[in-house]
Structures are given as C-alpha cells and as structure tokens.
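The values are calculated or read from the model by the stated rules, or taken from the named source; none is laboratory data. On a predicted model such as this, the values are computed, not experimentally measured, just so you know. Using ideal geometry, Cβ is built from the backbone for each residue, glycine included, and neighbour counts are taken over all protein chains shown.
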Amino acid sequence: MKFSTRAIHVGQEPDPTTGSTIPPVHLSTTYTQSAPGQHKGYEYSRTQNPTRKALEQCLASLEEGEDCAAFASGLAATAAIFQAMEPGDGVVGGHDLYGGTFRLLEKVFHRWGLEVRFAADSSLEAHDRAITSLSRPRLLWLETPTNPLLDIVDISALAQLAKTRAMTVVVDNTFATPYLQKPLSLGADLVVHSTTKYLGGHSDVVGGAVVARQKEVMEGIRFLQNAAGAVPGPMDSYLVLRGLKTLAVRMERHCDNARRLAEILTKTRGVARVFYPGLPEHSGFQVAGKQMGDFGGMISIQLEGDAERAHRFCSRLKVFSLAESLGGVESLCCHPATMTHASIPRELRETRGVTDTLVRLSVGIEDVEDLIADIEQAL
Ligand SMILES: Cc1ncc(COP(=O)(O)O)c(C=O)c1O
C-alpha cells in the first residue's frame, strides 16, 4: 500500500469484537487473565496497550521500519536512546540541534558518563573531526532540516561515514516527517520523533516515538519503554494516530504555503535573510532535493534591526500565534533566542547563528494570502 493508505489503515483494522471502524481508546490499565500467565498479549498498560500498539504499527509502517516504540514526549523518546547506551560511550551531535536535545546531552547524559561532541557545521569533515575526537564513538545524532536554522545534513553520506566506525545513526525526523523524508532508507538505524509536531498535527497532544530499521536495534529501547515507563497514555496515542491519517494532505499544504511565503520574504523590506531549504540559494538546496520529497513547512528569517524590533514583529502578528512548538495546522511564530533555544548558552547560540533577530515560522495550512498579509502588517 502507498503512504496515504497506510497512514489510514495500518494497525487500524476494524475491532474484531465490535466491528468498530476506528480503533477504540483502550483505557483499562490492566487485563484479566484466564489463568496465571494466560492472557491475550496484554497484562498491564505501561507494558502493552492496544491503542499505543496501533500507533506504533502505523508509524513503523510510515517510516518503513521494522519496529516502533511510542513515548510520552519527543524528549522521553530521545532520553530512552541515550539511556540504552553505556557510560563512556561517545555521542556526536549535529551542529544545530533542538535546544532540548542539546540540554539533555549536556546537562544530564554527560553527567552520567556519555562523552558528547558537536560537529562545528553541517559538513562531512566537521562530523568526522567530532567523531575522531571521541575515545569510543558509538552514536551519531542528526537533525535535518535543523531547528531553527533549517540547515540540511546529508543523511546517506553521514550514515556511510558512521558505518566505517560501527556507529548507530539516529535521525530526528520531526521537521520533515516520513511523508517528506525516510532516513531509514537512507542508512539511518533509528528515527526519533516529537509526535507533538506534524504527526499529531493539531497542537493538542504531546508525544514521541522511536522507529528502528531492524528489530534488534530496538531491544534496549523497548526494554526501557517499560522499565523506565515514559509511555504515552491511550488518549494521547489515539490523538497522534488520528493525526497521522491526514499527514499527507497536511504536509502538501504546509509545503505549498511555506514555499510561497519564503519566496515573498526574500523580496520583503526589513527581512535581512530567509532560511528555507527550498530556495535555490540555500546551501542545502541540492541535498534537500535529493533526500526530501519537498522542503517542509518551516521557515526562519533574520530581521533587520535589533532584538527589540524582532520582539515587536513577533508581538504584532495576528494570524501567526507567538508560541513555542510547530507542525500544527495553525501558523506559529517563535523567537528561538528567548523561547525554544534559551537553554543554549548565549555565546554558543550566537556563534551557531541563533541570534536575537532570528524568528522561526511554523507555516500552517490557513489561506496563504492571510499569512502573507499578516507578515506584511507586522513588518
Ligand atoms: C526537532 C525536535 N525534536 C525533539 C523535540 C522534543 O519533543 P517534545 O517537545 O515532544 O518532547 C522537539 C520539540 O520542540 C523538536 O523540535
């Protein structure tokens, strides 16, 4: 079956007991056994839950992986991957990661004995240098497009590099979604998602997931899903599963709106720079064209002027809500330096390009003319 069909049907067969077309939300925390140890595959809801399982099956299918484990948030999914490592293992992170991932590595897992390095930029050489500086390189963590600068890293080239060192390759596919990009088919071992974003799609559920190309890579993570217990509740699982059904059509519209807006912003006074991988002048345009089906719904802009002007712009928007998060049907605007990326020390943030005049736009699926008018009046 093709992507859109799988999004609607995989893991969502009519309920065998009632015929219910839509998978039921299984709220029961426990399952009655006919004799000790004799059950229908479900014992206790932290360990297995039918609604969560439906979501995991669907997401595994969309990412073309063998297995998926759903978590209570994107960071819970991320933490499970790091928890499955051994003290002394080395992690290389990309140069422009989501601030929460950076914070988790720097403030938590570094303390627990993981050796952590970050590539200086998106190039193969920079990643190679970071890998070589580790005594026991084990895991390469990539995000593409990156948050918030929309840089592109070449998944297949970096996966090949990591394989020469027997490293596990993880791609945070939150920005692209499996509709636009399939990291597992490009050589990654694991994909991680904040399902809070495009997969849920309506800004009404927090969740995360890990998808594995091969079942064996998931063993430690699946163990931790139960042992540490950061699982999504049944209602949350259901909401993400419902979101997946419309992912393909939503992504088409997100991409169309973002492309149109990005083109207009390049000609707009007051905007110093536009970061959108679908613009031919973007440094990642070629690689994005190769590894993505389209360029996504996220745009960042560098405004002329100072932080004060950027704050005024954000506050004046009316259709765009000034809010953290992204990937919902409604357009959002974020000031990364004071919001999503405030946990990165100022100096480091600025050398990476996350300056006080940077504004990130999550372009929703409203009528694009209203979005354009809103940006123009705010400027
Ligand atoms: C790219 C990316 N990865 C991971 C996360 C963390 O996900 P969550 O907020 O669901 O824990 C986020 C959140 O903004 C994100 O943008």
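Some values worked out for this structure:
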item: Given (1) surrounded by fewer than 16 Cβ atoms within 10 Å (Cβ to Cβ); (2) within 16 Å of the ligand (Cβ to nearest atom), number of the condition LEU358 does not satisfy; result: (1)
item: Qualifying residue in segment 77-88 (condition: buried (at least 20 other Cβ atoms within 10 Å of the Cβ), among the polar types (S, T, N, Q) and within 16 Å of the ligand (Cβ to nearest atom)); result: yes
item: Residues satisfying the stated conditions in segment 90-121, i.e. more than 16 Å from the ligand (Cβ to nearest atom) and either within 19 Å of LEU158 (Cα to Cα) or in contact with a Ser or Thr (Cβ under 9 Å, 6 or more places away or on another chain) (or both); result: GLY90, VAL92, GLU115, VAL116, ARG117, ALA119, ALA120, ASP121
item: Test for THR177: is it crowded, with 23+ Cβ neighbours inside 10 Å, β-branched (Val, Ile, Thr) and under 24 Å from THR29 (Cβ atoms); result: no
item: Meets criteria (within 11 Å of the ligand (Cβ to nearest atom) and among the hydrophobic types (A, V, I, L, M, F, W, C)) for ALA209; result: yes
item: Cβ pairs under 9 Å, 6+ apart, first in segment 192-210 and in the same structural domain as TYR179 (by TED's automatic domain parsing) and part of a strand (DSSP E or B), second more than 9 Å from the ligand (Cβ to nearest atom) and at pLDDT below 95; result: none
item: Leading residue by the ranking (nearest to GLY100 (Cα to Cα)) among those in segment 136-178 that are part of a helix (DSSP H, G or I) and within 16 Å of the ligand (Cβ to nearest atom); result: THR177
item: Residue that is nearest to ALA262 (Cα to Cα), among those in segment 287-322 that are surrounded by fewer than 21 Cβ atoms within 10 Å (Cβ to Cβ), of a type in the set (Gly, Ala, Ser) and free of Cβ contacts under 8 Å to residues at least 60 places away in the same chain; result: GLY289
item: Residue within segment 213-228 that is part of a loop (DSSP other than H, G, I, E, B), within 14 Å of the ligand (Cβ to nearest atom) and either surrounded by fewer than 19 Cβ atoms within 10 Å (Cβ to Cβ) or among the hydrophobic types (A, V, I, L, M, F, W, C) (or both) present; result: no
item: For LEU124: the one exception among (1) out of contact with any strand residue (DSSP E or B) (no Cβ under 7 Å at 6 or more places or on another chain); (2) within 16 Å of the ligand (Cβ to nearest atom); result: (2)
